[in-house]
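Right, one structure below, let's go through it.
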Amino acid sequence: NDTKYVLTATCSSTRYVSARSAKSFRTYAVEVTDEASLAPGEEVLAAAPDRELVLVIIGYPRSESSARKHAAGSLKFVRRPTPSDRERLKENERKQDVAVALCKEQVRVSKLAIHLVNCELSFSGKQYVFYFTADNRVDFRALVSVLSRSLRAKVQMWQIGSRDETRFFPTVGMCGRELCCNCFLKEIKPVSLKCARVQNLSLNPNKITGVCGKLMCCLRYETYEYGEEAGTDARKEPDDPDQTD
């Protein structure tokens with residue numbers, strides 16, 4: 001929220017800017033017109049390939065090569081939310097709260113071994129996506145059927161990992177800053193104990209484990225430089241697959 005870190009992103013030099021969903025951890029490439037001028041942190045409505053509107057938070061301009069890789073699944077900038085859009089979003093929030101309570105009750109009744117993390121309702125109100133974690137595969141077809149009839153909308157259940165669960169909620173890490181995965185990381189890459197060993201860091205779990213219970217993502221940041229200095233190739237696959245997140 002500090003204004004000195006908010007840089008105006010004029011879209012005349014690039015056709016794509018990065019963005020993340022305002023409700024979930026999903027990231028997108030948003031196609032914009034040359035006339036649009038968007039600032040990082042600004043909420044806008046963008047259209048998905050199926051013409052469904054999505055509320056996203058604008059990030060920074062993407063490079064041309066990165067934009068081409070994500071062009072197939074990109075969104076198109078439509079408009080900034082209007083007062084009527086804001087009213088619909090508030091109504092969707094209320095519907096999501098009701099859906100979460102209903103889902104938790106059905107999970108309890110069905111005795112399913114899942115932990116409901118969050119719920120995302122599409123802008124049109126036609127589709128609910130429930131995010132959950134589970135230790136094993138779960139047959140949730142009966143649950144989806146009950147929720148679809150009760151909510152009168154399409155329902156999807158997405159199983160996610162503990163890292164993605166942490167990305168849903170603003171949290172501060174041991175460094176005192178907002179978690180990297182929550183504020184700027186677009187994808188979570190594997191991290192192993194090799195990253196800590198190359199940098200001669202303590203292998204104390206309390207010092208290298210993040211809020212999610214996995215190895216901290218920031219262990220990767222300087223691993224390659226330390227590896228080059230030591231004359232080792234730190235870009236190879238981790239040699240401890242059983243200790244990789």
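Selection of first residues in region 209-225 that are farther than 15 Å from ARG197 by Cβ and of second residues that are buried (at least 20 other Cβ atoms within 10 Å of the Cβ) and among the polar types (S, T, N, Q), restricted to Cβ pairs under 9 Å at least 6 apart or on distinct chains, gives the following pairs, ordered by first then second residue: GLY210/THR166; VAL211/THR166; CYS212/THR166; GLY213/THR166; LYS214/THR166.
Pairs are defined by a Cβ separation below 9 Å, a sequence spacing of at least 6 or placement on different chains, a first member in region 134-158 that is under 17 Å from LEU102 (Cα atoms), and a second member that is open to solvent by 50 Å² or more (accessible area, probe 1.4 Å) and among the aromatic types (Phe, Trp, Tyr); the pairs so defined are MET157/PHE140. When the residues of region 162-181 are filtered to those that are of a type in the set (D, E, K, R) and outside any helix (DSSP H, G or I), the one that is most open to solvent (accessible area, probe 1.4 Å) is ARG177.
The residue that is nearest to GLU187 (Cα to Cα), counting only those in region 43-81 that are among the basic types (Lys, Arg), modelled with pLDDT under 85 and surrounded by fewer than 20 Cβ atoms within 10 Å (Cβ to Cβ), is LYS69. If you check GLN159, GLN199, which single one turns out to be modelled with pLDDT of 85 or more, touching a Phe, Trp or Tyr at 6+ places or on another chain (Cβ under 7 Å) and open to solvent by 60 Å² or more (accessible area, probe 1.4 Å)? Criteria check complete, one pass: GLN159. Considering only residues that are part of a loop (DSSP other than H, G, I, E, B) and either without any contact (Cβ under 8 Å) to a residue 12 or more places away in the chain or hydroxyl-bearing (Ser, Thr, Tyr) (or both), look in region 36-54 and name the one that is farthest from MET157 (Cα to Cα). By that ranking, first place goes to ARG51. In the condition set (1) modelled with pLDDT of 70 or more; (2) open to solvent by 30 Å² or more (accessible area, probe 1.4 Å); (3) in contact with a helix residue (DSSP H, G or I) (Cβ under 9 Å, 6 or more places away or on another chain), PRO40 is compliant with all but (2).
Within region 82-110, the set of residues being among the hydrophobic types (A, V, I, L, M, F, W, C) and open to solvent by less than 50 Å² (accessible area, probe 1.4 Å) comprises LEU89, ALA99, VAL100, LEU102, CYS103, VAL107. Among all residue pairs at least 6 apart or on different chains, which show Cβ distances below 8 Å where the first residue, located in region 96-113, is farther than 11 Å from LEU147 by Cα and the second is exposed (fewer than 12 other Cβ atoms within 10 Å of the Cβ) and aliphatic (A, V, I, L, M)? The qualifying pairs are SER110/ALA142.
The values are calculated or read from the model by the stated rules, or taken from the named source; none is laboratory data. The model shown is predicted, which means the values in this text are computed figures rather than measured ones. Note that each Cβ is placed from the backbone with ideal geometry, even for glycine, and that neighbours are counted across all protein chains shown. All accessible areas refer to the heavy atoms of the entire protein, side chains included, with ligands and DNA or RNA removed. Shrake-Rupley method; radii C 1.70, N 1.55, O 1.52, S 1.80 Å.
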